[in-house]
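One structure is given here, and the rest of the page talks about it.
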């Protein structure tokens, strides 16, 4: 083969190679876009089914925070005796029971939100324990009064967690 035949062959093959490369590029781009579109559609469908479950988890945790709020739990849980230590233990046991009942909801919410909820629960328990440890309290009613008076000076520990839940739910919409 001489030089002119090689050049003729090269000129004949070169357009086919260029067309092949352009075709490959467009096919690759098209398939990538189709894959991204399918992923987007699947994600949108998944969000349609998971969003109601997540919102329900937020609702249940908001209800939990309302139920264990010191002001509300004191009126919901009646003292079984006049001993303030027994009443404090009853309140704490009630909070722990409510928490365990809603423990599974943590898989539907962010870790930061769950930390707020745990902190609110622990702060409420600490508030009750501190009030129950005071020595001048002799009855369950006095314990109730001390806890309610301490809430007059500052906001309830559950309020911060509740406002965080609201903020996070607003970001979902």
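Rule-based calculations on the coordinates, nothing more; no lab input. Bear in mind the structure is a predicted one, so any value in this text is a computation, not a measurement. Neighbour counts are summed over all protein chains in view; Cβ atoms, including those assigned to glycine, are modelled from backbone coordinates with ideal geometry.
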Relative contact order of the chain, defined on C-alpha pairs under 8 angstrom at six or more residues apart (%):
29 percent
So how do 108, 25 line up by other beta-carbon neighbours within 10 Å, fewest first?
25, 108
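What FRET efficiency comes out for the pair residue 171/residue 23, r = Cβ-Cβ distance, R0 = 41 Å, nearest 0.05?
0.40
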Could you rank the peptides 34-42, 160-168 by their average count of other C-beta atoms within 10 Å per residue, with the highest value first?
160-168, 34-42
Pop a pseudo-label 7 angstrom from the Cα along the beta-carbon direction at both residue 141 and residue 6 and give the gap in nm to one decimal.
11.2 nm
Would you mind calculating the gained length between residue 85 and residue 119 on full extension (0.36 nm times residue separation, minus the Cα-Cα distance), in nm to one decimal?
10.0 nm
Give me Rg/Rg_expected for the chain, where Rg uses Cα atoms only and Rg_expected = 2.2 N^0.38 Å with N residues.
2.07
Nearest 10 degrees, 0 to 90: helix 140-153 Cα axis against the chain principal axis:
50 degrees
Compute the angle between helix 157-172 and the longest alpha-carbon principal axis of the chain, please, reported from 0 to 90 degrees and rounded to the nearest 10.
20 degrees
What is the helix-to-structure angle for 3-68, meaning the angle in degrees between its Cα long axis and the longest Cα principal axis of the chain, kept from 0 to 90 and rounded to the nearest 10?
10 degrees
